[in-house]
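A.B. asks: Before anything else, here's the structure in question.
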């Protein structure tokens, strides 16, 4: 798995999550306003453990997570993360997630960040698909997913939220999706 690299998301910039960002990660996951459409905020100690675990994955070539800090010249907007689904990045799938401070929501940060990470995910990491899930009735998340090229799909079994979205790039991945749809 390639290392996360800096990505241009003009006017934002994505920089790889690093040790200096542990407090940012923990603060985002513990903030009720940030987590309102994601799930219950983490207790502070859980958020700190999750931040440390994510950093270990970030630095491990076989790690299951890659994160970027979404930065702007006015400050830090939040985080974007990819979580591997399955055993391998090459030809695999990753779940995409974005956490933004409320002041940065509806300002184009998530759109710019997701568009910037797509070439990295498909070209550098060799993924076949990105997926995303969100709460039912979250019109903003649905509009964002459509805006960045995702298609609505059934939620994956065990997904924490009922609304699923995917972006697939290869003919093999599209054939897999069609076969899964035929079974349903």
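The values are calculated or read from the model by the stated rules, or taken from the named source; none is laboratory data. Every value quoted in this text rests on a predicted model; they were computed, and no experiment measured them. Every residue, glycine among them, receives a Cβ derived from its backbone with ideal geometry; neighbour counts consider all protein chains shown.
A.B. asks: Restricting the search to the stretch 65-99, which residues are touching a strand residue (DSSP E or B) at 6+ places or on another chain (Cβ under 9 Å), surrounded by fewer than 18 Cβ atoms within 10 Å (Cβ to Cβ) and at pLDDT below 90?
C.D. replies: 85, 86, 92
A.B. asks: Follow-up question, since we're still on this one. Here are the criteria: (1) under 22 Å from residue 8 (Cα atoms); (2) in contact with a strand residue (DSSP E or B) (Cβ under 9 Å, 6 or more places away or on another chain). Tell me which single one residue 59 does not satisfy.
C.D. replies: (2)
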